[in-house]
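First the structure, in the form of structure tokens, and then the observations on it.
Readers should treat all values here as calculations from the given coordinates under stated rules, not as data from a laboratory. Bear in mind the structure is a predicted one, so any value in this text is a computation, not a measurement.
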Amino acid sequence: MPEDSIGSDGLVARRVGPWAKDKFYYLERACYIFSRGMRLKWPNRCFIDLFSGPGRGIITRKGHARRAPDEIDGSPLVALSSVEPFTHYYFVDLNADYIEALSHRVQSMYPHANAQYFPQDCNKAIPEILRLLPPASNSLVFAFVDPTGVQIRMDSVAELTRGRRMDLLINYPQNMVVQRLTTLPYTKPHLNAYFGTHEWESVLQHARSKGTHEGDALREFYKMQLQKLGYRSLHFLQDPLIRSDRGTPLYYLLYASKHDRGVDFWKKITKRDHTGQEYFALGE
């Protein structure tokens, strides 16, 4: 199945699974609560999207070829449409066609948005983003990290967040990517960069020797790596948040904050899912 399609506006759109609606529901909640809660305290509230895509998604469902596809806003437009807008936006994607389509959409729909675009690898874009961000003394940052794999390096996360008040919403692709890569020897360098160390191998071996869940052990190790960067408040949902249309667990969302108030934000974000049912967060 082709990865890209064309949106109703004639611009490139990315094909996504129906579970993308769930993910963007929580992103929308996070943007609103983060910006609303901080709007009177911080003159500059910045949104960074390290894997922005083209700004529009086309939902595809297996076995529904004749059904008209649903078109949804991608993460950049979700953030821009927040009732409480950010003052600065930074959109990154390695696919230059995506960035071109996104810039057209933003200029058409939100012509006054203060947006910057980076058609490059997110790890290489971070120094330029840091140069353009308002001073750390008068700015608060919310970063959405939604990779398709393990593209984001831990040292890049460290560089981006160092000396900054920056909350993170991270797609941790445990079932989609991480567990599968641990079985392939040629992917070790990628996992070393993703976790920021080769020690993930010891964590994996220990879990196997004890008969405990390997994926859960690596997920907790990833959280520990973020704690070393100063993130005191880290929260996953207790249940794998994002599932396929067949109910298969895909990935977790992780909310990370350097401030204790991150607990309150996360509780508000996840009080209910998009169906109205209550969820419970798995915290520190």
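Structural remarks
- The spread of Cα positions in segment 1-122, taken along each principal axis and listed from longest to shortest, comes to 50, 26, 25 Å.
- Taking 15 Å as the straight-line reach from the Cα of residue 267, the aspartates and glutamates in range (excluding those fewer than 8 positions away in the same chain) are 28, 167, 239, 278, 284.
- Gyration tensor verdict on segment 153-199 (Cα atoms; rounded if a/c is under 1.5, prolate if a/b is larger than b/c, oblate otherwise): oblate
- Rh (Kirkwood; distinct C-alpha pairs) - the chain, Å: 19.5 Å
- Lysines whose Cα lies under 21 Å from that of residue 228, excluding same-chain neighbours fewer than 8 positions away: 258
- Given 21/41; 188/210; 41/271, the pairs whose alpha carbons are separated by over 29 Å: 21/41
- Sequence-separation-based contact order of segment 107-206, relative, with Cα cut under 8 Å and 6+ spacing, percent: 27 percent
- Structure-based [θ]222 nm, the chain - -39500 (n - 2.57) summed over DSSP H runs of at least 4, per residue, nearest 500: -10500 deg cm²/dmol
- For segment 182-223, alpha-carbon Rg over 2.2 N^0.38 Å: 1.07
- Counting every C-alpha pair in segment 50-170, the share spaced more than 17 angstrom apart comes to 59%.
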